[in-house]
Amino acid sequence: MRRHLSIGALILAAGLLATPVAAQTALIAPTPWTAGASESVTSKARGGDTARLDYGFKGAGYAFMVHGLDFAVPDNFVIDIPVKGEGAGNDLQIKFTDASGDNVWWVTRPAFVPTPQGTVLRIRPRHIDFAWGPTKDRTFRGGKRMEVVVVKTARGAASGWLEVGPIRWRAEAPEPKTEAPIKADVTAAVDGDARTGIGAASVTLDLSRVRAFGGLKLDWGRVPTLYTVAASDDGRAFHELRRVQGSDGGTDYVTLGEVDARYVRINGQGQLNEAALLPLEMGLKPNALLSELARTAPRGDYPRGFTEQAYWTVVGVAHGGPRAALLSEDGAVELGPERPSLMPVLTVGGKRLTWAQATVKQGMDAERLPLPTVEWQGEGVQMRVAPLAFGEGKAPYALVRYEVRSDTAQTVRLELHVQPMQVNPPTQFLTRPGGYAPIRRLSRDGDTVNVDDQPLWLLTPPKDFTAAGFLSGPQGASASDTDGLASGVIGYDLNLAPGEAQSVIVAFPLGGQTARPVITGDVVKWAEGQAESVRADWRQRLGDTRLVLPAGAPPIADSARLALAYQLILLDGDWLKPGARSYDRSWIRDGAMMSEGLLRMGLHREALAYFKAYAPMSFETGKVPCCVDARGADPTPENDSNGQLPWLAGELIRFGVAPAEIAPYWPQVSAAIAYQEGLRQANLTPQTEARYRGLMPPSISHEGYSDKAAYSYWDNFWALKGYRGAAVTAQALGKAAEAARLTAQGEAFASDLKASILATAAHYGQDVVAGAADRGDFDPTSTTMGLTSGAHTDDIPEALKRQTFERYWTDILMRRRQTPNSYTPYELRNVGAFLRLKQPERARQALTMFFANQAPRAWFQWGEVVTVPDRQPLFIGDLPHGWVESDYLRVALDMFAYERAETAQMVLLSGFDAQWAELGETRLERLHTPWGTLSMTVTRAGSGLKINIDSDAPPTGGYVIDVSSLMGRDARVRVDGKLVTLRDGEVIIKTAKAEIILGDGA
């Protein structure tokens, strides 16, 4: 049977009613509300029983009014909140807080549109979700405080007002544990048999009580040309919910939004064989309905992501950011952010071949340029899906080449299905939610298929095209669907000789433009020319810094090259971002760490442009915003950010950026440190407990403490880096006195931080570094920042440092090796800790484990989460995830060269495995350091190693090779032919060029 979908045009969020229902009890006492707001936002509240909030935004932020209450909820209840106002498009939040103030429950209404006439927001228990807090009992049981909050969105009004009240509530009968069967005046419609029915002009369903539901599933024996759906509480007064015209029968899924009713009437002369209710979620969330349809359909008819974990990668240009396509592991191509997708289907010898029937594998360009492919094999046919993006970052294009080859002479049909579903799966819910991608109108005009406002250019003319609506079925050259669920099929019949390949090529814009790219001559040759141009562009953009390992070595170099490319694709103009979909925002912590990798790879221009874009977003107080998006600067306090901006300024200067480029931003750098110092001073009172003394105050930090703000050591490691970076910047700008003052502040802070780490360990009776001073938790991936990225060796007490990563190795990595579990690949940065602890074998083993979780492995990428089992559908962040890729890039470089900051040395080959030399030459070409570029080769020399260093200048403290870790304690060493003596197992080279022989060859 056909299954159709009709999503109600009105989704009544949390019961938005046209008229209020009388409530028995006032929820709020008739006393004044108190207004509040984030930085750079104005707010004013007045009134009591009925209260008004006036607000104004300069950028991102929120305004709120708050009132105390004493509300203990019964098993079931209704709260009615009359709401009126002006200022459309911002998010409305109703928050309830418990007595502790730490645990928050909320009702959220995205892009809320208040009107001066007003409406009533009806809240039932099902509408109230747990927001955050440390409690383990997340059931809403009442509150001691209520907030009405307006949160700025990118398209929301810059100012407005909101009036609420009087707010009333009443208790209702508890929900029954089991529901009574549905009854109907035409009993055949609810007899459980969808094959038979009785003709009738209408069918009325009796649900036995007022129930919440999301729509109807209607199995038609004979569908009316027009039918309506109406609802009633009493069976007498019905209000129409939906009109359905032109259904082609079979099974109709008629979603109605959120409905509370006892009676439902389907009006229309026809034969309704069976009627059933749809769950409430299906009425509110198209993804819930699509997931159900996918679950009951043959595997392969819907994208994999609607039934199991799916993986994908990005197809974009440098600086394109979200203006990128996505390629699924199965060969579907998404037409841009939150856009529909193209899914190929083959018909071979009468057999239908989808991703589920084909043997599917992924591929990547041989030079490890970011040009991914997907290949299908089945029934003697091979298909290669090769998308690529080209053009400028602000307005790029994409083309997809489908190359089909047959082993025998035959006609193969290729269909490109235009689907109202993204490649980004429905489990992805942040910023740009995945799954459903509405298509309201689909039409063909010559060689163009118009997908709403986006053209899809059919550069290879098709044999046929059919558009369809979910209710109406196939319609011909065009179809409209008010529910946004139109679809289409572009068909090609390919007559293939044995071994012959034919190509189908389509193209589309990624930046909102409608101008078609200029195409001259043969389309296939034009596409091949574009591919070569794109390859040449990527070779140039990736620069001349490169790591090359011999065949058979771990994929360290391949992954590093693509990690850099992925970060450049995710770069949105000048804004470094961790993702093209879920994380289409710019965080300073991500950007600062990504910039470190860019500087080491020689991409100074991109790192500097990011700094120049971010610095002016600082608040007037000097506080550095944790992130910036289309709304502006986010005011959420995360106390790592105040150190990250000054640290980045210092890194830019150390890596050779002219101080004059940084000078205009000194006010933001110095203000950030002044703001940070003010926070520190607040914790230097005689009353401050030892483990908190001199620390940054609690924050949600790197969102690791979003349940409750904490004294996070992550924040404090970055604060220390900030002092040091600001001192470097001041010195370079000729502000010697300022540099001395900042250095002194940093040294004092370093002393307090070290003392705090010891005090916290003593407080909790631990032998490891805690993640936060007030929690005593274990977070080695946070602790790593106290060892890397400019950290000094003695910033963390040695014994605690070593035991932290001993525990990480034993209790986390080794246990995961035995019993795999889900984790975040931010753990990649712990490889850098193993290197600095002179544990290269552990560093290499950890990398091997992380490489096994690249998804898919052929694309050399990680998401934010690794799921176990790997087909369990979960939120995994963006693929690839730019911050994770930056973590990897930095540790990959660390394996061959990292800076020992306090001694101004470069440590070489700390992660190198001497066995790799048996496979061939290893090359590090033009790595950028604070002393210029460094090139190095490693080859076999007898049973030892020959290392050649060629650099612009040696580090102040020289190059260091830990010979004992690399070759053993008894290895002999010659530098430029001279036998040298080791110091603590290390050799130090203080020349720009040198030949070093280790082992028997020495």
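Note on Arg972 and Ala748: their simple-model spin labels are 5.6 nm apart, each label 7 Å out from Cα toward Cβ.
Of the heavy-atom accessible surface of the chain (probe 1.4 angstrom), what whole percent is carbon and sulfur? The nonpolar share, carbon plus sulfur, comes to 50 percent.
Using only the alpha carbon atoms of the stretch 298-447, find the Kirkwood hydrodynamic radius as the inverse mean reciprocal pair distance, in angstroms to one decimal. Mean inverse Cα-Cα distance, inverted, gives 16.1 Å.
With the other protein chains left in place, how much accessible area per residue, in square angstrom, belongs to the stretch 304-542 at a 1.4 angstrom probe? Could you put the intermediate results ahead of the total?
Values: 8460 Å² over 239 residues.
Heavy-atom SASA per residue in the stretch 304-542 reads 35 Å².
Contact order for the chain, expressed relative to its length and based on alpha carbon pairs under 8 Å spaced 6+ residues apart, stands at 8 percent. FRET efficiency for the pair Arg539 and Leu758, taken as 1/(1 + (r/R0)^6) with r the Cβ-Cβ distance and R0 = 41 Å, rounds to 0.20.
How much accessible area per residue does the stretch 897-998 have, in Å², with a 1.4 Å probe?
44 Å²
Over the stretch 25-171, Cα pairs under 8 Å with separation of 6+ residues give a relative contact order of 35 percent. Projected onto their three principal axes, the Cα atoms of the stretch 25-171 cover extents of 40, 33, 25 Å, largest first.
Inter-part distance, the stretch 548-609 to the stretch 210-277, computed on C-alpha centroids, equals 53 Å.
At a probe radius of 1.4 angstrom, the accessible area of the stretch 765-824 per residue rounds to 40 square angstrom.
Remark: for residue pairs Lys152/Lys394; Lys58/Lys95; Lys95/Lys136; Lys183/Lys217, the C-alpha separation exceeds 21 Å in Lys152/Lys394; Lys58/Lys95.
For the stretch 183-284, averaging the sequence separation of C-alpha pairs within contact (under 8 Å, six or more residues apart) and dividing by the residue count gives a relative contact order of 42 percent.
Of all beta bridges DSSP finds with both residues in the stretch 897-998, what is the antiparallel percent, to the nearest 5?
Counting only bridges with both partners in the stretch 897-998, antiparallel ones make up about 90 percent.
The loop-placed trypsin sites (Lys or Arg not before Pro) in the stretch 171-243, going by DSSP, that have at most 15 neighbouring Cβ atoms within 10 Å of their Cβ come out as Lys177, Arg195, Arg236. All alpha carbon pair distances within the stretch 726-832 were sorted into 10 Å bins beginning at 0; the resulting P(r) in whole percents reads 13, 37, 28, 15, 5, 1.
Note on Glu367 and Ile519: the extension gain reaches 52.0 nm, defined as 0.36 nm multiplied by sequence separation minus the Cα-Cα distance.
Students often get this wrong: which residues of the stretch 729-773 have the backbone nitrogen under 20 Å from the point 7 angstrom along Cα-to-C-beta of Asn821? Residues 767-772 fall inside that zone. Projecting the Cα positions of Ile796, Val831, Pro455 onto the charge dipole of the chain (unit charges on Cβ atoms of Lys, Arg, Asp and Glu, taken about the Cα centre) puts Ile796 furthest along the positive direction.
Rounded to whole Å, give me the distance from the Cα center of the stretch 472-495 to that of the stretch 694-749. Between the Cα centres of the stretch 472-495 and the stretch 694-749 lies a distance of 58 Å.
Using a Förster radius of 25 Å, what is the FRET efficiency between Leu69 and Asp137 based on their Cβ-Cβ separation? Nearest 0.05, please. Numbers along the way, then the final one.
Values: r = 20 Å, r/R0 = 0.79.
It comes out at approximately 0.80.
The Cα center of the stretch 974-1002 and the Cα center of the stretch 348-377 differ in position by 50 Å. Compactness check for the stretch 897-998: Cα Rg over 2.2 N^0.38 Å is 0.98.
Add -39500 (n - 2.57) for each DSSP H run of 4 or more in the chain, then divide by its residues: what number comes out at 222 nm, to the nearest 500 deg cm²/dmol?
Details: 18 runs with 213 residues, N = 1002.
-6500 deg cm²/dmol, from helical runs alone.
Work out the FRET efficiency for Gln117 and Val210 from their Cβ-Cβ distance, taking R0 = 35 Å, and round it to the nearest 0.05. Rounded to the nearest 0.05, the efficiency is 0.85.
Nearest 20 debye, what's the magnitude of the dipole of the chain about its Cα centre given +1 on Lys and Arg Cβ and -1 on Asp and Glu Cβ?
Magnitude of the dipole: close to 360 debye.
Packing, taken as the mean count of other beta carbons within 10 Å per residue, orders the peptides 896-906, 345-355 from highest to lowest as 896-906, 345-355. Our summary of shape: the Cα atoms of the chain have principal axis extents of 102, 83, 51 Å, ordered from largest down, in whole angstrom.
Out of all DSSP beta bridges with both ends in the chain, state the antiparallel percent to the nearest 5.
If we restrict to bridges inside the chain, about 95 percent are antiparallel.
Evaluating 6.51 cos²θ - 1.76 cosθ + 1.60 at θ = phi - 60° for every residue in the stretch 937-944, the Karplus couplings come out as 10, 10, 9, 6, 9, x, 9, x Hz, glycine and proline recorded as x.
The values are calculated or read from the model by the stated rules, or taken from the named source; none is laboratory data. The shown structure was predicted, so the numbers you read here are calculated from the model rather than taken from an experiment. Heads up, the Cβs are rebuilt from the backbone with ideal geometry, glycines too, and the neighbour counts pull from every protein chain shown. When the accessible area is computed, the model is the full protein with side chains, heavy atoms only, and any ligands, DNA or RNA have been set aside. Shrake-Rupley method; radii C 1.70, N 1.55, O 1.52, S 1.80 Å.
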